[in-house]
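Enquirer: Please see the structure below; I have some questions.
The values are calculated or read from the model by the stated rules, or taken from the named source; none is laboratory data. Please read all numbers here as calculations on a predicted model, not as lab measurements. Methodologically, a virtual Cβ is constructed for each residue, glycine included, from the backbone with ideal geometry; neighbour enumeration extends over all protein chains shown. Only protein heavy atoms, including side chains, enter the accessible area calculation; ligands, DNA and RNA are left aside. Shrake-Rupley method; radii C 1.70, N 1.55, O 1.52, S 1.80 Å.
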Amino acid sequence: NWPEKERPRERLIKYGAESLSNAQLLAIILRTGNKDQGVLDLSLSILDRYKSFRNIDNTSIKELSSFKGLGISKITQIKAAFEIGKRLMAETLENQPIFPSHHAVYSFFAPRFKNLKKEQFFSLLLDVKNRLIKEYKISEGSLEKSIVHPREAFKEAIKESAASIIFIHNHPSGDPTPSKDDIILTERLKNTGEIIGINVLDHVIIGDCKYISMREKGFL
């Protein structure tokens with residue numbers, strides 16, 4: 001009977017998983033309550049008893065099964081969710097590429113920019129070792145220009161806790177010479193990065209078989 005906008009699943013879809021409370025997240029895993037409690041009340045009861053996800057994870061299946069309202073199906077769903085979380089945390093970035101130079105950036109992106117008719121603006125989100133965390137497409141523009149706002153440019157970097165960021169875009173004309181707009185945008189991105197604590201390593205403009213590094217040109 002909860003209002004639709006307050007239901008855990010609907011809130012996750014609309015606002016993202018990070019917006020949910022522990023009880024709401026647990027309710028999505030459990031899916032249903034029992035004859036005495038709705039699923040959210042059941043989740044609250046479990047958290048009231050065990051206080052934290054860590055304590056629930058450390059509790060045996062046998063002990064959890066003694067909790068009123070927790071059957072073996074719900075217990076295995078909880079245990080499986082916790083194991084997924086552990087395996088996610090255990091995954092490493094060892095196989096991800098490292099970007100030690102602007103030439104490495106050019107080699108990575110040049111093939112996909114070949115013969116494109118529109119500007120595309122990307123970011124590479126990097127860890128402290130310049131290893132790729134995530135590649136993110138920020139915008140796609142017209143033949144003349146792409147529109148990039150610093151808010152959109154750094155949104156994913158903040159979300160992923162990136163240590164640094166490299167921006168890349170193409171010039172469909174084939175000439176990578178930076179325009180006045182490119183220079184102004186680079187300055188805005190640099191200033192934004194300084195304010196939020198994410199180092200802008202470079203802004204690489206890729207043309208036809210050639211490129212320009214804004215850092216090498218002294219714009220960063």
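Enquirer: For 182, 41, 48, what's the largest-to-smallest order of accessible area, 1.4 Å probe? Write out the running numbers ahead of the final one.
Expert: Values: 182 15, 41 85, 48 105 Å².
Descending order: 48, 41, 182.
Enquirer: Post the alpha-carbon centroid distance, the range 40-75 to the range 124-203, in whole angstrom.
Expert: That distance is 45 Å.
Enquirer: Which residue fluctuates the most in the chain, going by a Gaussian network model with Cα springs under 10 Å, if the choices are 138, 206, 46?
Expert: In this elastic network of the chain, the residue with the biggest mean-square fluctuation among 138, 206, 46 is 46.
Enquirer: For n ≥ 4 DSSP H runs only, could you compute -39500 (n - 2.57) per run for the chain, divide by its residues and tell me the 222 nm figure to the nearest 500? Please report the intermediate quantities before stating the final value.
Expert: Values: 9 runs with 97 residues, N = 220.
Calculated mean residue ellipticity at 222 nm is -13500 deg cm²/dmol.
Enquirer: Stretched out fully, how many nm does the piece from residue 34 to residue 73 gain, at 0.36 nm a residue minus the Cα gap? Could you put the intermediate results ahead of the total?
Expert: Working: separation 39, 0.36 × 39 = 14.04 nm, distance 1.25 nm.
So the chain would gain 12.8 nm between residue 34 and residue 73.
Enquirer: Between residue 62 and residue 192, how many nm apart are label points set 7 Å from Cα along the C-beta direction?
Expert: According to this spin-label approximation, the distance is 5.7 nm.
Enquirer: How are the Cα pair distances of the range 96-220 distributed, in percent, across 10 Å bins from 0?
Expert: 14, 50, 33, 3
Enquirer: Give me the accessible area of residue 211, 1.4 Å probe, in Å² rounded to the nearest 10.
Expert: 60
Enquirer: Please tell me which of these pairs span more than 30 angstrom C-alpha to C-alpha: 14/117; 62/134; 14/129; 79/155; 159/190; 79/137? Please list the in-between numbers first.
Expert: Details: 14/117 34 Å; 62/134 41 Å; 14/129 34 Å; 79/155 32 Å; 159/190 18 Å; 79/137 35 Å.
Flagged as over cut-off: 14/117; 62/134; 14/129; 79/155; 79/137.
Enquirer: Using the Cα gyration tensor of the range 1-78, with a ≥ b ≥ c the square roots of its eigenvalues, what is the shape: rounded (a/c below 1.5), prolate (a/b larger than b/c) or oblate (neither)?
Expert: Working: a/c = 2.22, a/b = 1.58, b/c = 1.40.
Since a/c reaches 1.5 and a/b is larger than b/c, the shape of the range 1-78 is classed as prolate.
Enquirer: Using a 1.4 Å probe on the protein chains only, how many percent of the accessible area of the chain belongs to carbon and sulfur? Walk me through the intermediate numbers first.
Expert: Numbers: 6950 of 13270 Å².
Roughly 52 percent, rounded to a whole number.
Enquirer: Counting only heavy atoms of protein chains, what accessible area per residue, in Å², does the chain have with a probe of 1.4 Å? Present the calculation step by step, with values, prior to reporting the outcome.
Expert: Values: 13270 Å² over 220 residues.
That works out to 60 Å² for each residue.
Enquirer: Continuing with this model, one more query. Here are labelled values, (1) 1.15; (2) 1.00; (3) 0.96, and one is the computed Rg/Rh (Cα atoms, Kirkwood Rh) for what I pasted. Which one?
Expert: Calculated Rg/Rh (Cα atoms, Kirkwood Rh): the matching label is (1).
Enquirer: Under 14 Å between alpha carbons, and skipping anything fewer than 8 positions from residue 68 in its own chain: which aspartates and glutamates qualify?
Expert: Candidates past the 8-residue exclusion: 36, 41, 48.
Enquirer: Assuming 0.36 nm per residue, please report the length gained on full extension of the stretch residue 161 to residue 112 beyond their Cα-Cα distance.
Expert: On the way: separation 49, 0.36 × 49 = 17.64 nm, distance 2.65 nm.
Length difference between fully extended and current span is 15.0 nm.
Enquirer: Read phi for every residue in the range 198-208 and hand back ³J(HN,Hα) as whole Hz from Karplus 6.51 cos²θ - 1.76 cosθ + 1.60, θ = phi - 60°, with x for Gly and Pro.
Expert: Karplus-based 3J(HN,Hα) across the range 198-208 equals 10, 6, 8, 6, 6, 10, 9, 10, 10, x, 8 Hz.
Enquirer: Let me ask you something else. Which of the aspartates and glutamates could be linked to residue 210 by a straight reach, that is with a Cα gap under 12 Å, when you skip same-chain ones fewer than 8 residues away?
Expert: Straight-line reach from residue 210, under 12 Å: 175.
Enquirer: Quick one: accessible surface of residue 72, probe radius 1.4 Å, all protein chains present, in square angstrom to the nearest 10.
Expert: Solvent-accessible area, nearest 10 Å²: 110 Å².
Enquirer: Give me the extension gain from residue 181 to residue 103: residue separation times 0.36 nm, minus the current Cα-Cα distance, reported in nm with one decimal.
Expert: Values: separation 78, 0.36 × 78 = 28.08 nm, distance 2.29 nm.
This chain segment gains 25.8 nm when fully extended.
Enquirer: Which value, in Å² and to the nearest 10, is the accessible area of residue 113 when all protein chains are kept and the probe is 1.4 Å?
Expert: 20
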